Amino acid sequence: MENNNLLELKEKALQEIEAAQTSDALNAVRNTYLSKKSELSSLTSMIGTLPPEERKSFGQALTEVRVAITSAIEEKANSLKNKELEERLAKETIDISLPGHSYNLGGRNPFYVIKDEMIQIFLGMGFEVADGPEVETDLYNFELLNIPRDHPARDMQDTFYINENELLRTHTSPVQARTMEAKKGAPVRIICPGKTYRRDDDDATHSHQFAQIEGLVIDKGINIGHLKATLELFAKKMFGEKREIRLRSSYFPFTEPSVEVDITCANCGGKGCNMCKGTGYIEILGGGMVHPNVLKMNGYDPEEYSGFAFGIGIERVAILRYGIDDIRKFYQNDVRFLKQFKKMS
Ligand code: DAH
């Protein structure tokens, strides 16, 4: 075989190597030119049949061609591998970053959002927070608030009795008596947020358990103007600057005079609508000037000291602020309800 043919074989192989676009195509070229059945292999096995003087140079030529083809294939194989890897990386859109944990954060119950807001408003006016027991004695819950045993006002505040003398408190007002006792005649300016209980059938506006914030201020020279200003500021901070309040005379055994406080209806601005039952006002709390008997029974001289007190239902404030239609929703832990207040907490 002439060297020319070998050169042609080499050229052809190199061209095919160059032309191969994939590793598979290159393997096919490798098979054609370097396998045992290839032309080069059969030429190699023919060396023995050549005249001895030609064997060496033909053998060298064959080796040279084999080496050239082999290294061209290797080089091409490397570049194809790189190219194929790049293509794969470009095509594969696996996001190798971890997705992270999604925490299902809940929201605060609107009851607590409002309770805290109410406390903040009163703290801003210089009130301190006082506390008292939920299991209360008849003495603090009724007697020291000027509600003796046979007083008809007890009818409206039936409750759960532990025994004849102990009961679940029907309002936060007993903390008035407890605070006066603890202050021993010194001026008082407290609020008391807390749970209260009544023997009520549960419906959209009643619950056997609910919460109030009690307020009590006692000092020399306290008058009903202080009560009005305090509650007006509270109403504006809680319901908006445009809200106005009005005091209606009422009756509580522990205050004289007693008032019920209404705010102008947020829904109609005071014109009268369904929400305010056409009156333009919505009742938000009860209060009044501390009854002289209460001052006396709790260690204050009514000739020297006067005071005002009030009691606000926390749920009622939350209901009005958010337009909630059923008091029971605060206690049922229904996520469909709670979710709506997530942004506010
Ligand atoms: N304790 C009353 C109630 O639960 C509310 C109340 C009215 C509290 C007048 C007061 C007050 O301190 O002065 O119905």
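The values are calculated or read from the model by the stated rules, or taken from the named source; none is laboratory data. Everything numeric in this text was worked out from a predicted model, so none of it was measured. Every residue, glycine among them, receives a Cβ derived from its backbone with ideal geometry; neighbour counts consider all protein chains shown. The protein model used for the area step is the full one, side chains on, heavy atoms only, and it has no ligands, DNA or RNA in it. Shrake-Rupley method; radii C 1.70, N 1.55, O 1.52, S 1.80 Å.
Structural remarks
- Contact order relative to length of the chain, as percent, for alpha carbon pairs under 8 angstrom and 6 or more apart: 16 percent
- Mean shadow area of the chain, taken as a quarter of the surface of its Cα convex hull (nm²): 34.5 nm²
- Rounded to the nearest 10 Å², the accessible area of Arg316 at probe 1.4 Å: 110 Å²
- Note on the chain: helix-only mean residue ellipticity at 222 nm, from DSSP H runs of 4+ residues weighted -39500 (n - 2.57) and normalised by residue number, equals -13000 deg cm²/dmol.
- Length added when fully stretched, Glu87-Ala68, from 0.36 nm per residue minus Cα-Cα: 4.0 nm
- Principal-axis tilt of helix 52-91 within the chain, Cα atoms, nearest 10 degrees: 20 degrees
- Whole-number accessible area per residue in Å² for the chain, which is evaluated in the context of all protein chains at 1.4 Å: 58 Å²
- Sulfur and carbon atoms: percent of accessible area, the chain [1.4 Å]: 50 percent
- Degrees between helix 174-183 axis and first principal axis of the chain (Cα, 0 to 90, nearest 10): 80 degrees
- Other residues within the sphere of radius under 13 Å centred on the Cβ of Ala182, judged by their own Cβ, net out at 0 (K and R +1, D and E -1).
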